[in-house]
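Presented below is the structure to which this report refers.
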Amino acid sequence: MTRTALVTGGSRGIGAAISKELKAQGYAVAATYAGNDEKAAAFTAETGIRTHKWDVADYESSRVGLAHVEADLGPIDIVVANAGITRDAPFHKMTPEQWREVIDTNLTGVFNTVHPVWPGMRERRFGRIVVISSINGQKGQFAQVNYAATKAGDLGIVKSLAQEGARNNITANAICPGYIATDMVMAVPEAVRDSIIAQIPAGRLGKPEEIARCVSFLVSDEAQFVNGSTITANGGQYFV
């Protein structure tokens, strides 16, 4: 039986690597995106993975979008909550809008994505939830009070869902990537990038594919006793 996986923010960066890895493992994969139609179309043309456009910060849009995915591919067995944004500013300059935007997408967006499919997972007695958190949700970061708060909150969601879902063979786990060589990171000035790498004992940025392989393990049958856990994939930069 082919299981269906949904990856939010799944057409670019880490999300794209996750979508590709899960497809390679034999899952039926759907990827969501927020706004870049051209990039999403190119991703589908390259991979054959269907993309769906909705705002994870909006519950009704998420509910309707998830229903379309299930009508297309079947019941969603796996959710990878990867969609996220940043609105960085030092706390004394941070606006209420910057706070709300990040909270709504990175934290409430996880609720909006998981909540509509949770009853079906309980009924079928199977589900895999993986939330992509961040090293900065573990250690904090200058000018990221909003982002760090959401990524720390994501870990609380995972630990609670793990306890609620365990009896129904539903697991919930998190991955906290360190600095990964995505387009966004590679676009920063070289001097800034070098200063980041200098803080990583491994001496390099991570690869999106390395995060994708963590996801692949967590959603597999081999990981069914791994529940409520956090994988820190950061090259030794930070230990919990």
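Since every read-out is calculated from the coordinates, none of them should be taken as a lab result. Treat the numbers as computed from the prediction; the structure is a model and nothing was measured. Here Cβ is always computed from backbone atoms with ideal geometry, including for glycine, and neighbour counts include all displayed protein chains.
Values for this structure:
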| item | result |
| --- | --- |
| Relative contact order (%) - region 4-227, alpha-carbon pairs under 8 angstrom, separation at least six | 21 percent |
| Paramagnetic reach from GLN224 in region 114-129 [backbone N under 18 Å; point 7 Å along Cα→Cβ] | 121-129 |
| Whole-number percent relative contact order across region 157-240, with pairs defined as alpha carbons under 8 Å at least 6 apart | 45 percent |
| Region 26-66: relative contact order in percent, alpha carbon pairs under 8 Å with at least 6 residues between | 39 percent |
| Added length on full extension, which subtracts the Cα-Cα distance from 0.36 nm per residue, TYR238 to ALA202 | 11.8 nm |
| Under 13 Å, Cβ to Cβ, from ARG193 - net charge with Lys/Arg +1 and Asp/Glu -1 | -2 |
| Lys, Arg +1 and Asp, Glu -1 on Cβ, resulting dipole of region 8-79 about Cα centre, debye, nearest 20 | 200 debye |
| Cβ-defined net charge surrounding GLY153, 13 Å radius [Lys, Arg +1; Asp, Glu -1] | 0 |
| Euclidean distance of C-alpha centroids, region 155-192 and region 48-84, integer Å | 18 Å |
| Neighbour-count order for MET186, MET1, fewest beta carbons within 10 angstrom listed first | MET1, MET186 |
| Scaled radius of gyration (Cα, divided by 2.2 N^0.38 Å) that region 4-227 gives | 0.98 |
| Point-charge dipole on Cβ atoms (K/R +1, D/E -1) for region 4-227, about Cα centre, debye to 20 | 420 debye |
| Burial ordering of SER216, SER62, fewest other beta-carbon atoms within 10 Å first | SER216, SER62 |
| Count of lysine pairs in the chain with Cα separation under 16 Å (8 or more residues apart, or interchain) | 5 |
| Contour minus Cα-Cα distance for ARG193 and ALA67 (0.36 nm per residue) | 41.3 nm |
| The chain - mean residue ellipticity at 222 nm from DSSP helices (-39,500 (n - 2.57) per run, n ≥ 4, rounded to 500) | -13000 deg cm²/dmol |
| Rounded to whole Hz, the Karplus (6.51, -1.76, 1.60) HN-Hα couplings of region 186-193, x for glycine and proline | 5, 7, 6, x, 4, 5, 5, 4 |
| Farthest positive-ward along region 4-227 dipole, Cα basis, beta-carbon charges - from TYR147, ILE211, THR171 | THR171 |
| TRP54, TRP118 arranged by Cβ crowding within 10 Å, fewest neighbours leading | TRP118, TRP54 |
